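Down below is the structure, laid out as structure tokens.
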Amino acid sequence: MTLNSKLTKLLNEQINNEMSSSYVYLAMAAWFEQTPYAGFAQWMFTQSREETMHALKFYQYLADRDAKVELEPIAKPKADFKSPLDVFQQSLKQEEKVTQQINDLYEVAEQVKDHASKNLLLWFLNEQMEEEKIVRDMLDRLKLAGNDPASLLVLDREAGSRPAGGGGGADAGRTAR
Ligand SMILES: [Fe+2]
Ligand SMILES: [Fe+2]
């Protein structure tokens, strides 16, 4: 079954959205590298890699469906932040934006009755739910910690011990090839 042209265009855009996300998180990791928070830097680096895996999963899907892959430029990410809390707040916004994009994509897949695409997008919807939850949990604890350096360092250590490719991302890594 030929992939619908509107869906093809949107899936290509999603490759770009995921690569942009990856770049956003890499810039966050780089910002943390300049601070004492090595754990948060590690967290954002891992997050960046997961987003690249998401982009590759969309790439592979388009290729498998014999649809044309079209790559666009990736925008320069924001590089300056006020605090760890600020970074994680923007991280949550980023995830909420992506959830909206995947939701919209799912709706189009439904309209054109492309069930294979719906299946792919369902995986992403679950992934988004998990990612939003993880970021929200960390945000809640960052708010509790406030400006207390000892508490922040505890959270930093915890962030650093997050398994590489954690969450559904590890699965994306395996299937994205
Ligand atoms: Fe993603
Ligand atoms: Fe994400």
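Of note:
- Charge-dipole axis of the stretch 5-172 as Lys and Arg at +1 and Asp and Glu at -1 on Cβ define it, positive-most pick from M44, S117, G160: M44
- Counting only residues at least eight positions apart within a chain, or on another chain, the lysines with an alpha carbon under 18 Å from that of K143 are K82, K93, K133.
- Contact order normalised by residue count of the chain, Cα under 8 Å, 6+ apart, percent: 32
- Nearest-20 debye value, the chain charge dipole, Cβ charges on Lys, Arg, Asp, Glu: 180
- Estimated at the nearest 10 Å², the accessible area of D140 is 90 Å² with a 1.4 Å probe.
- Carbon + sulfur, % of accessible area of the chain - ligands and nucleic acids excluded, 1.4 Å: 55
- Nearest-ten-degree value, helix 149-160 long axis tilted from longest Cα axis of the chain: 30
- Segment E107-L71, extension gain: residue separation times 0.36 nm, minus the distance between their alpha carbons: 10.7 nm
- Exposure check, 1.4 Å probe, all protein chains in place: R162 carries approximately 40 Å² of accessible surface.
- Computed extension gain for S161 through D137, at 0.36 nm per residue and net of the alpha carbon distance, reaches 7.1 nm.
- Nitroxide proxy distance, nm - points 7 Å out along Cα→Cβ at L92 and A116: 3.9
- Note that the stretch 12-59 presents 37 Å² accessible area per residue, ligands and nucleic acids not counted, probe 1.4 Å.
- Estimated inter-spin distance, Q100 and K9, nm [label 7 Å along Cα→Cβ]: 2.0
- Cβ-Cβ distance of M1 and D148, R₀ of 41 Å, FRET efficiency by 1/(1 + (r/R0)^6): the value works out to about 0.10.
- Cα long-axis angle, helix 115-145 against the chain (0 to 90 degrees, to the nearest 10): 10
The values are calculated or read from the model by the stated rules, or taken from the named source; none is laboratory data. The structure presented is a predicted model; accordingly, all values stated were derived computationally and were not measured. Cβ coordinates were reconstructed from backbone atoms using ideal geometry, including for glycine residues, and neighbour counts include every protein chain displayed. Only protein heavy atoms, including side chains, enter the accessible area calculation; ligands, DNA and RNA are left aside. Shrake-Rupley method; radii C 1.70, N 1.55, O 1.52, S 1.80 Å.
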